[in-house]
1. Would you grab the residues whose amide H sits under 5 Å from the one on residue 166? Only those 5+ places off in sequence or on another chain, please, with H modelled 1.01 Å from N.
2. Would you please give the residues with an amide H less than 5 Å from that of residue 268, counting only those at least 5 places away or on a separate chain, with H modeled from the backbone geometry?
3. Tell me, what is the FRET efficiency for residue 274 and residue 194 to the nearest 0.05, using R0 = 25 angstrom and their Cβ-Cβ distance as r?
4. Around residue 273, which amide H atoms from residues at least 5 apart in sequence, or from another chain, sit under 5 Å from its own amide H, with H modelled in the peptide plane?
5. Work out the FRET efficiency for residue 130 and residue 94 from their Cβ-Cβ distance, taking R0 = 22 Å, and round it to the nearest 0.05.
6. Calculate, for residue 140 and residue 37, the FRET efficiency according to 1/(1 + (r/R0)^6) with r their C-beta to C-beta distance and R0 35 Å; round to the nearest 0.05.
7. Once the piece of chain linking residue 70 and residue 171 is laid out straight, how much longer is it, given 0.36 nm per residue of separation minus the C-alpha distance between them?
8. Which shape class applies to the stretch 158-269: rounded if a/c is under 1.5, otherwise prolate when a/b exceeds b/c and oblate if not, where a ≥ b ≥ c are the square roots of the Cα gyration tensor eigenvalues?
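The values are calculated or read from the model by the stated rules, or taken from the named source; none is laboratory data. Predicted model, so just to flag it, every value in this text is computed and none were measured. Positions of Cβ are generated from backbone atoms using ideal geometry, with glycine treated the same way; all protein chains shown enter the neighbour counts. The protein model used for the area step is the full one, side chains on, heavy atoms only, and it has no ligands, DNA or RNA in it. Shrake-Rupley method; radii C 1.70, N 1.55, O 1.52, S 1.80 Å.
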Amino acid sequence: MRDLLCAVCAGPSTSTFPFTPRFNYHPAEGKTSLLWELKHHSDSCRRVCYSKDGKYLLTGSADMSVVITENGQFCCRLREAHNSPLTALVHIENAVFATGDEDGVIKVWDIRAQSETALKPMMVFKKQEDTISEFALDESKGCLMATANDGTLAAYDLRKIGGELQDISNSFEEDLLSLAVLKGGKKVVVGSQEGSLHLFSRELLQVADDRIKGHPGPVETIAKVDEDTVVTGCDDGLVRAISVHPNKILSVLYRVSEDQENVSSIQRVAVSGDKALGGVISENQIAFFNLAYVRDRDKTKHKISKEKESDPFFDNLMECKYFK
């Protein structure tokens, strides 16, 4: 029996990538080691995220629970955090985090000074009508950004008592799957079911004011590298580096290798604080990359890499076939 890899995040300052189970990748040594394995959920672990200080790991599951651990040790559990399976999870600050589910419900939690059995959300939103696909924080405005499969992008003001919907886009006729906040909070880039990257000005979310083409299928996942750059994962099996304003595909960082020809979709990508990238490629395979090329590039002289050309990133690729 194989374990299906569903989620990945990255340590805020090191190249530690929690999957299901958790691995630790050392780029300099090219080694992957299993640190520990968590079995606190009764159904698939759909989302994982670190606290900002890297001390805690939060996991959200289809069993509708959230578990918090520290260095592999159990801390607490929200057994019935939602009434439907969890699909989105993000740490906000201190003991505050947000969860989203298949019904479009978003909850914000603060676990300080509350018992595990009596824990209640401090905010609840039901402004989007379908699965919450992804979260991102706009820290410049104290807002939680959320995409949903009803084709909307929403901003929730967490500074208001009880929370408040600040803005929401018109509904696209396609699922919105992924997002990142760039340009110091001025721009939001959103990945769509049809393969476009829609760009929104943060001050006006009703309509997208630009888009980047070049993905032939759904953009399942986006990870922020810096304020001008993201990496994307598409169901064509390619991980791309994307520049935003100027809008262009900078490079193909990974493509499905020959022995994976029957597996295409890039499910999740993550970028750590030291610029290593991890991607879930298939049911039982993991790939890692070095991002120094993107991090250190001279944007004014950089030439767009063509997908058919050889790519120096393949020299830094390592696959982990841990699951048999």
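1. Close amide H contacts, sequence-distant or interchain: 155, 156, 157.
2. For residue 268, whose amide H was placed from the backbone, the distant partners under 5 Å are 280.
3. Numbers: r = 34 Å, r/R0 = 1.36.
My answer for the efficiency is 0.15.
4. HN-HN under 5 Å from residue 273: 13, 14.
5. Values: r = 30 Å, r/R0 = 1.38.
In this case the efficiency is close to 0.15.
6. Numbers: r = 38 Å, r/R0 = 1.08.
Taking R0 as 35 Å, the efficiency between residue 140 and residue 37 is 0.40.
7. Values: separation 101, 0.36 × 101 = 36.36 nm, distance 3.93 nm.
Full extension from residue 70 to residue 171 adds 32.4 nm.
8. Prolate, since a/c reaches 1.5 and a/b exceeds b/c.
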